[in-house]
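> First, the structure itself, so that you have it in front of you.
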Amino acid sequence: MPPLRVALRADASQASGTGHIVRCLALAAALRDCGAQIRLVTRQLDLDTASLARAAGVESVLLPASVPGLSVADDPVAHAGWAGARWSDDARQTAEALAGWHCGWVVVDHYAFDARWQRQVAQSLGVRMAAIDDLADRPHEVDCLIDHNLHADHRRKYGALVGAATALLGGPRFALLGPAYAGLQPARIDDAVASIGIFMGGVDSTDLASLALRACREQAGFSGPIEIVATGASAHLAGLQARAGRWADPRVSVDLPDLAAFFARHGLQIGAGGGATWERCCAGAPMLLLQAAANQQVVVRELAVIGAAAALAEHEAASVTTVGRAVADLLADAPRRRALAQRARALVDGLGARRVAVALGADTLALRPARAEDAECSFAWRNDESTRRHSCDTREIDPVDHRRWWSGALADPARRLFVAHIGGRNVGVLRLDIEGTQAEVSIYLDPALTGLGLGPRLLRAGQRWTRENTALERLVATILPANRASMRAFEGAGFVRGGPQWSWPVAPERSSLQGMHP
């Protein structure tokens, strides 16, 4: 099977910030882990996105510079001007840039484009389309939509803006963070805050970083080290560096390659409510969030409501006085800081980009025979509480016993063990226990990747292997009544329920596998 090819369409500018590019590059890293080839299509605006892509090892194609004097007053999309071109011209240029590359997906992360752009590009290239969005302010015509913001019901949030068949990957579980966040050790929360971190986004157009620095020093009276992260894209960088020089301890770190370590090394973080919010959550950093743009209002408010972040009162504007008071309150309240950090950390585990990449690459799922070295990952998956809860044997497994069982299963001619993978990413295990002319099938997935529709695909791959390599007549499975997710997976793969047992006939003329794709 040829490798999956995924094109990303995103820009960065003083108007839109750098967050769209940052999260697309995080997704690119996860897609590469799944064996995909990546190409970024970006327009040369007032920030150098090509260099960001190059630093991340991602191939990029530059569209022409923005059109001078462009007027989009007649466009119903609120942020249409951010594209630097009319949507129809951008769609045509994007399709031309990808012509002949034969990608399977185009992922667009751009507030300037809606269903019109998506439809034109999809039809021109014959590809599936995904969108990364959080505004829900325009219609989308996509196969998949990713929105990492909190919401009780993303289907209701988008309503008629997406089709009924659009897959919605919603919530911080799908936050697109870079590889450094997977397995990141959380920040240490001491009784006294030893240092403060400040990051207001890649552009910080209103110079909130300077305001926060003054608030810490002049109003909150914090005398410890302060680290401010900024980028070369900030128009206020020189002034920020000069202001920091008024005190002995503040330092300004410019264009840090690893923000994960920055978020984890300070006892308090002050930042804007953009995409970096989810990075702070993953780092388990107690944070004070400020609203730097209108679209951040919902994120700041909702995280404050659930106690995952501190924020100013809704009637308060950010000032040295209001921010300083909020910082002083947090410095004096260690239990609150610990509670904020704990709730934030529970929202984001750093695996969101991996989940999205797996969802986009799910059609490439394949099986390979299990090997002895697979015992370690299979043990972690099988021993996870969520897996054991739906197993016939719910006991916690001893690692020595599991390795012994795994070795025996590999050598047993009446048993077949397979590992499911998407590119280089292992995602699950399938087992066949053969008795006579039938085999009992059981599956389990990497618990981090549940809810992505992998179960039916894994089963269909097992059905194809059974038909092509054995003379078996039937596959059967036993599913606990409470395991609704497994029931849906087996039903989706054509298994029919008969009492506690589900079955699938192998004979081609009787199989519901016909006409299905992986």
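The values are calculated or read from the model by the stated rules, or taken from the named source; none is laboratory data. Model, not experiment: these values are computed from the prediction. For neighbour counting, all protein chains shown are included, and Cβ atoms are generated from backbone atoms with ideal geometry for every residue, glycine included.
> Looking only at the range 84-94, how many residues end up being aromatic (F, W, Y) and in a loop (DSSP other than H, G, I, E, B)?
Residues in the range 84-94 being aromatic (F, W, Y) and in a loop (DSSP other than H, G, I, E, B): 0 in total.
Here is a yes/no grid of residues against (1) of a type in the set (D, E); (2) under 30 Å from A366 (Cβ atoms); (3) out of contact with any Pro (no Cβ under 9 Å at 6 or more places or on another chain); (4) not assigned by TED's automatic domain parsing to the domain that holds L161:
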position: G35; (1), (2), (3), (4): no, yes, no, no
position: A56; (1), (2), (3), (4): no, yes, yes, no
position: A83; (1), (2), (3), (4): no, no, yes, no
position: E96; (1), (2), (3), (4): yes, no, yes, no
position: W101; (1), (2), (3), (4): no, yes, yes, no
position: D114; (1), (2), (3), (4): yes, no, no, no
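> Within the range 433-447, is even one residue in a helix (DSSP H, G or I) and outside the structural domain of Q37 (by TED's automatic domain parsing)?
yes
> Filter the range 1-30 down to residues that are of a type outside the set (S, T, N, Q) and not in a helix (DSSP H, G or I), then give me how many there are.
Counting residues in the range 1-30 that are of a type outside the set (S, T, N, Q) and not in a helix (DSSP H, G or I) gives 14.
> Now, a different point. Using the structure shown, decide if L475 is hydrophobic (A, V, I, L, M, F, W, C), modelled with pLDDT of 95 or more and surrounded by 14 or more Cβ atoms within 10 Å (Cβ to Cβ).
Against the criterion (hydrophobic (A, V, I, L, M, F, W, C), modelled with pLDDT of 95 or more and surrounded by 14 or more Cβ atoms within 10 Å (Cβ to Cβ)), L475 qualifies.
> Kindly check whether there is at least one residue in the range 322-332 that is within 19 Å of the chain's Cα centre (by Cα) and not assigned by TED's automatic domain parsing to the domain that holds A53.
No, the range 322-332 has no match at all.
> Go through the range 95-124 residue by residue and tally those that are part of a helix (DSSP H, G or I) and closer than 21 Å to R32 by Cβ.
Number satisfying all stated conditions: 2.
> Specify the residue that is nearest to A192 (Cα to Cα); the eligible residues are those in the range 296-343 that are polar (S, T, N, Q) and surrounded by 16 or more Cβ atoms within 10 Å (Cβ to Cβ).
Here the residue is T322.
> Next question. How do the pairs read when you match residues in the range 53-81 that are touching a residue at least 40 places away in the same chain (Cβ under 8 Å) with residues anywhere that are surrounded by 13 or more Cβ atoms within 10 Å (Cβ to Cβ) and not aliphatic (A, V, I, L, M), using Cβ under 7 Å and keeping only pairs 6 or more apart or on different chains?
Final answer for the pair search is V77/D114; V77/R138; A78/D137; H79/Y111.
> Checking the condition in the same structural domain as V107 (by TED's automatic domain parsing), among the β-branched types (V, I, T) and either modelled with pLDDT of 90 or more or surrounded by 24 or more Cβ atoms within 10 Å (Cβ to Cβ) (or both), which residue from V67, V77 passes?
The match here is V77.
> Answer yes if at least one residue in the range 408-415 is out of contact with any helix residue (DSSP H, G or I) (no Cβ under 9 Å at 6 or more places or on another chain) and charged (D, E, K, R), and no otherwise.
Scanning the range 408-415 turns up at least one residue that is out of contact with any helix residue (DSSP H, G or I) (no Cβ under 9 Å at 6 or more places or on another chain) and charged (D, E, K, R).
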